[in-house]
Structure formats: C-alpha cells, structure tokens
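A short reminder: the numbers here are calculations on the coordinates, not readings from a lab. Note that this is a predicted model, so its numbers are computed, not measured. Neighbour counts run over all protein chains shown; Cβ positions are idealised from the backbone, glycine included.
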C-alpha cells in the first residue's frame, strides 16, 4: 500500500540514481520534444515525420461532427 | 481499495522526480519512434549531466555515454541506422513492437488487450497513425501520460500495472538486441540508456 514512507523511499531512490534529474531532461524537453498539451508545431524530421501535434490535429478533426 | 473519497477535481500535482520521469519517457518515446534530428542531438549533448549517489551510477553513466554519442553523431547516419535496424513490421532486424517479446504466438491478443486498456484511459491511435499500439515508443508515450496524471495511489498503481504488463518483460530483449546489432552505433547508447531507465522504473514501481 502506498503511504508516505513508501513515497519517501521511492523518491529517495529516484534521486539517488539520478532519475530525479529534472533539470537535465527539462532542458531537452522544452526545446525538442513534442508535448501532448503543447500544440506548437516543431520542425519535422525527414522520413516518417512523427508529430504529436499533427496527431492531435487529426484527432480534433475526427471529433468534428 | 482504500474506500476514501478522492476528489477528482483537485489539480494534479506532479512532483519534480515524476516530472523528470515523464520527460524521460517523452525523450525515449521520441528516440524510439524516429531517429533524432540535429536539434535533438544537440539538446541531448548539451543537457546537464545526471548526478547519482554512490553505487547507483548506471543511469547517470548511460546518460553520459548517450550525451557523448549525441555530440559525435551525424543525423543522416543515425537515420540510416534506425531505418536499417528498427523499421519494418515483422521484418525489421529488431522489432520495436513489444508483443513479439511478450508472447510466442497470439500477438493479436496482446494488441487487443492493450487497445482496450488504452481506450479505457481515453487514449488511442488517431488520424494517419498506422503503427500498431504496441510500438515501444507508443508505450513510452502512454507512461508519460500516466505519470502526468499525478502520484495518488490509484494513479501510481495504474503506472505500475501498465509498465508491468507491457514494458517490463520487453525492454531487456529489445534493448539487448539493439545493443548487439552489428548495424547500430548511436542506437546502442539509446538502448543502454533505455535499459538503465527501465531498470530504475521497474525497481521504483516495485516499491509501491
């Protein structure tokens, strides 16, 4: 069962292994990663060109009845 | 089941370490879905290091090596590598579709279960997406979404269940094969970092 002690030990573990490195990934995330909540269109790579924002647009299109 | 009434309208608070997990999942989802462009390679190379304590250095070391690889990588070569090893349903040298690692036969049953589960979460394939849902990148995206749902008991259990059912037994064979491939270079580091991160996830979710 989750309780505050479990939470604390899990948090301590994540911090100890470095997975709490919010600054590290935030530095990447802000610049380059598609965010579901973020509909800014990022530069598409060549090839398959996966874009979450495009998916979201498509999704919205499917909801327009 | 605690039986306590949890107000669902409360704003979701995401702790810094969970925010970091969400961002790692986003990064992994991106790297497994398609080869990185120069912008992403630069961002990885220039991001701060991870700091770990004592004997817990595997993730930080894998990150350091991924950063070094990103700094030296040529996006065109990385794209060739990705296409050569990971592209193609059923015929790729290494398949990124996890149902192949979860069952010997009856891959469709895994897909159906996953599809149902995602529908329950309000997630699904949309528009022009043709990839089956069990692509490792898609699972990373689901985990990113679930982590963003907060760290309440039910939310954490949901993360644990999803990770256990679809990622836990798949990430080792997937990343091992990518690392072992004679055609990979940059993606060996992606695979090693993925493995290190999933090891951490497995251990931390196991604490729940």
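Within region B:170-181, is even one residue more than 30 Å from residue A:13 (Cα to Cα), in contact (Cβ under 8 Å) with a residue 60 or more places away in the chain and away from chain A (no Cβ under 13 Å)?
yes
Here are B:203, B:191: which of them is more than 21 Å from residue B:87 (Cβ to Cβ) and without any contact (Cβ under 8 Å) to a residue 24 or more places away in the chain?
Going through B:203, B:191 in turn, the sole match is B:203.
Looking at region B:152-168, is at least one residue under 15 Å from the mean Cα position of the chain (by Cα) and closer than 29 Å to residue B:45 by Cβ?
Checked against the condition, which is being under 15 Å from the mean Cα position of the chain (by Cα) and closer than 29 Å to residue B:45 by Cβ, region B:152-168 yields at least one hit.
Taking the stated definitions as given, is residue B:59 surrounded by 21 or more Cβ atoms within 10 Å (Cβ to Cβ) and either at the interface with chain A (Cβ under 10 Å from one of its Cβ atoms) or in a loop (DSSP other than H, G, I, E, B) (or both)?
The answer is yes for residue B:59.
Could you tell me how many of the residues in region B:10-39 are under 21 Å from residue B:136 (Cβ atoms), within 7 Å of chain A (Cβ to nearest Cβ) and in a helix (DSSP H, G or I)?
Summing the residues that are under 21 Å from residue B:136 (Cβ atoms), within 7 Å of chain A (Cβ to nearest Cβ) and in a helix (DSSP H, G or I) in region B:10-39 gives 8.
Quick one: residue B:84 ticks every box in (1) within 7 Å of chain A (Cβ to nearest Cβ); (2) farther than 22 Å from residue B:143 by Cα bar one, so which box is it?
The failed condition is (1).
Which residue out of B:42, B:134 is within 9 Å of chain A (Cβ to nearest Cβ), in contact with a helix residue (DSSP H, G or I) (Cβ under 8 Å, 6 or more places away or on another chain) and surrounded by 15 or more Cβ atoms within 10 Å (Cβ to Cβ)?
From the options B:42, B:134, the qualifying one is B:42.
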